[in-house]
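Scroll down for the structure; my scribbles are underneath it.
None of the figures in this text is laboratory data; all of them are computed from the coordinates on show. All figures in this text were calculated on a predicted structure; none of them were measured in a lab. Quick reminder, even Gly has a Cβ in these numbers, built from the backbone with ideal geometry, and neighbours come from all protein chains shown.
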Amino acid sequence: MSFDLGLDGKRALVTGGTKGAGAAVVQALAAAGARVAATARTVPKNGTENIHYVAADLATAQGCAKVAEEVLPTFGGIDIVVTVLGGPSARAGGFSALTGAEWQEDKGMNLMPSHR
């Protein structure tokens, strides 16, 4: 059984799109007809017709700017954003075991780019 998701020609941006769940999202969007920009710190050397990879660290303002500067002119805009990037670095014990600095680092990685 297949479904027409109405994604033919849509422009998608997937963060963390080269491994695991992110790579699966990229492949599913491309298979459904979307043009996909996928970001990660390291990317495959060759994309495909519908997938454009951008090497950037989105934990930094410079990485975010690089993605915007490369993807927007190439795609002419974005219709879909899927954020797969991120994950806690918390040790056992979850948030209550984190120091204030560790909490800020995790929050920064997942919510706000830093100026590193």
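Scan around residue 37 for amide H atoms under 5 Å from its own, H built in the peptide plane at 1.01 Å from N, and keep only partners 5 or more places away or cross-chain.
Under 5 Å from the amide H of residue 37 lie the amide H atoms of 12, 13, 14, 52, each far enough along the sequence or on another chain.
Apply the Karplus curve 6.51 cos²θ - 1.76 cosθ + 1.60, θ = phi - 60°, to the phi angles in segment 27-38 and return the couplings in whole Hz, x for Gly and Pro.
5, 5, 5, 5, 5, 7, x, 7, 7, 10, 9, 10
What does the net charge come to around residue 73 if you take all other residues with beta carbon closer than 15 Å to its beta carbon, with K and R at +1 and D and E at -1? Please report the intermediate quantities before stating the final value.
On the way: positive: 11, 35, 66; negative: 69, 70.
Neighbour charge sum, excluding residue 73 itself: +1.
Return the sequence-ordered ³J(HN,Hα) values of segment 39-45 in whole Hz as given by the Karplus equation 6.51 cos²θ - 1.76 cosθ + 1.60 applied to θ = phi - 60°, using x for Gly and Pro.
Residue by residue, segment 39-45 yields 10, 5, 5, 10, 10, x, 5 Hz.
For segment 55-65, take each phi angle, set θ = phi - 60°, evaluate the Karplus expression 6.51 cos²θ - 1.76 cosθ + 1.60, and give the result in whole Hz per residue in order, putting x for glycine and proline.
With the stated coefficients, segment 55-65 comes to 7, 7, 9, 7, 7, 10, 5, 5, x, 4, 5 Hz.
Please list, in chain and number order, the residues 5+ apart from residue 18 or on another chain whose amide H is under 5 Å from its amide H, with Hs placed from the backbone.
Answer set, sorted by chain and number: 23.
Please list the non-local residues whose amide H lies under 5 Å from the amide H of residue 56, H modeled 1.01 Å from N, same-chain partners needing a gap of 5 or more.
Close amide H contacts, sequence-distant or interchain: 40, 41.
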